[in-house]
Every structure is written in C-alpha cells, then in structure tokens.
C-alpha cells in the first residue's frame, strides 16, 4: 500500500487505538430530507469534532460542512436511485476522482449490491474506483448494501459480500452487524466497520451493538440515524466514542450518556 494511501487511511482509523468513529450523513442521496437531517449543517456542526471521519455526499460537503474542519472526509460517490424508484441497487458512480481530489477527501465510498440484478454493475463500479484510488493514493470504502431487503443481514450473505469487496481491492468495508459476526470479520482481510442501520429503540441498544461488534472484530462504526436522530446526539456520539476508543462497557457508556443528557436538560 502506497504511503499516501496508508496516511489517508490512518486519518480515519486512528493508529493509537486501531479504531474509528465515522459519522454517516449521506442518507439524503436516496432518502431525501430524512428526519433530523433536513438541515444538514445544523445536524453536522455540533457532532463534527467528535467524529473521526464524516461521510457526506459532495453536495452536503460543499453546502453544509465548515471547510476549516480537520475531520477527514469519506466521500459518498455512488448514487442515481431513490427510495421510491424501482431498485436501490441500480447505482452508478456520481463523482469523479478529480472532484474528490479537489474536495481534499481522505477516502471515497460506494455501495455494492451482491445478489441483485445489479450485482455485476456495482461490483465493476467498485473495481473501477479501486483502480483510480490506487492511481491517486486514495482509499476506497465498500458498503455492502442490502437495499430494502434487511432480512439479508446474515453471516453467510455478509461474509460473501465483504470478501468479494476485499478481493476486488476495497481498502476497508462497511457492513451490518449480525449473528456470528466474527465469521464475517475472519473472512474479510481488510478492516470492517459496522453500519448503525435504522434507528434502534434505546441508547442501550446502540451501545450494545457497538460493544458487540467491536468485541467480534470490527474496527469501528459508521453510524448516522442512531446518533443524529437521538434527542441528545452529542451525548450519543460521545457514548459510542467512549466504547470505541476508551473501551467503555455498555453500562459505563450509558452512565456517560445519561450524565451528559442531564447537563443538557
């Protein structure tokens, strides 16, 4: 791996702990103005300093993120579908590498849809992006998307998706947590971060998900709705961060969350 590519990846996955807290705010590219992300700037600003990396689209990056930030950017570069369209899997590359370089990003991200009619298309998107990423020294994050079919989140399917992503050259992979998650990690020779997915019922559930994924081999999280849809988003991300980087237990993280929530009130 080239020095520049390693350096950019080290901005995201912190060498001191080997872990990362990524903040996903790219939901609007297919969901539109998602609840509590209607005004991206207002959502992002109080959370940015607690994130090891931010994952937006170029539109949100340009309009809603302070260019003075030191937080690394993992740029979403795939899209072309919407939640009301026939298939979320019919994605193409939306942003050139030249654009990504102009935006000074630390990595680029796209979704792959294994097992769909668009499997070949999205896997070739990944291969093409990795080829360019190696040329410019920019790492590629592959997101093992499942579209609307959340029932596919089992170890066998996610192991297949993550391994294919790694085989095609993805430098790290984002996937879902599942039963037997350690098998997914064991079969993937590049770092794995977990998606938060739809909003969970309680913060205890969020912290438990984070703790369990890390204990089974994930290097971190790329969470969105389970942080910024919380009534106390700063407390939420600080609790997640404490588990990821300071090895807090679920109980200790929940105590921190409740303490910060009380101060906010």
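Give me the residue from the stretch 35-51 that is in a loop (DSSP other than H, G, I, E, B) and in contact with a helix residue (DSSP H, G or I) (Cβ under 6 Å, 6 or more places away or on another chain) and, out of that set, surrounded by the fewest Cβ atoms within 10 Å (Cβ to Cβ).
46
Could you tell me which of the residues 77, 65, 21 is in contact with a strand residue (DSSP E or B) (Cβ under 8 Å, 6 or more places away or on another chain), without any contact (Cβ under 8 Å) to a residue 40 or more places away in the chain and buried (at least 18 other Cβ atoms within 10 Å of the Cβ)?
Just a single option satisfies the conditions, and that option is 65.
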- Hits in the stretch 106-122 - residues which are free of Cβ contacts under 8 Å to residues at least 40 places away in the same chain and either buried (at least 21 other Cβ atoms within 10 Å of the Cβ) or assigned to a loop (DSSP other than H, G, I, E, B) (or both): 108, 110, 111, 113, 116, 117, 118
- Only one of 240, 206, 193 is in a helix (DSSP H, G or I) and touching a residue at least 60 places away in the same chain (Cβ under 8 Å); which? 240
- Query: Condition test on residue 177, is it touching a helix residue (DSSP H, G or I) at 6+ places or on another chain (Cβ under 7 Å), over 19 Å from residue 49 (Cα atoms) and free of Cβ contacts under 8 Å to residues at least 60 places away in the same chain?
  - Reply: yes
- Selected residue (criterion: nearest to the chain's Cα centre (by Cα)) from residues of the stretch 10-34 that are part of a loop (DSSP other than H, G, I, E, B) and farther than 14 Å from residue 198 by Cα: 13
- Options 204, 241, 225; residue that is out of contact with any helix residue (DSSP H, G or I) (no Cβ under 9 Å at 6 or more places or on another chain) and at pLDDT 95 or above: 225
- Message: If I filter the stretch 147-158 for residues that are touching a strand residue (DSSP E or B) at 6+ places or on another chain (Cβ under 8 Å), in contact (Cβ under 8 Å) with a residue 12 or more places away in the chain and either in a loop (DSSP other than H, G, I, E, B) or surrounded by fewer than 18 Cβ atoms within 10 Å (Cβ to Cβ) (or both), do I get at least one hit?
- Response: no
- Go through the residues of the stretch 53-64 one by one and say whether even a single one is assigned to a strand (DSSP E or B), over 14 Å from residue 224 (Cβ atoms) and in contact with a helix residue (DSSP H, G or I) (Cβ under 8 Å, 6 or more places away or on another chain). no
- Item | Filter result for residue 67 (at pLDDT below 95 and in a loop (DSSP other than H, G, I, E, B)) | no
- Any idea which residue in the stretch 80-105 is surrounded by the most Cβ atoms within 10 Å (Cβ to Cβ), counting only those that are free of Cβ contacts under 8 Å to residues at least 40 places away in the same chain and within 18 Å of residue 161 (Cβ to Cβ)? 91
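The values are calculated or read from the model by the stated rules, or taken from the named source; none is laboratory data. For clarity, every value in this text was computed on a predicted model and none was experimentally measured. Backbone-built Cβ (ideal geometry, glycine too); neighbour counts: all protein chains shown.
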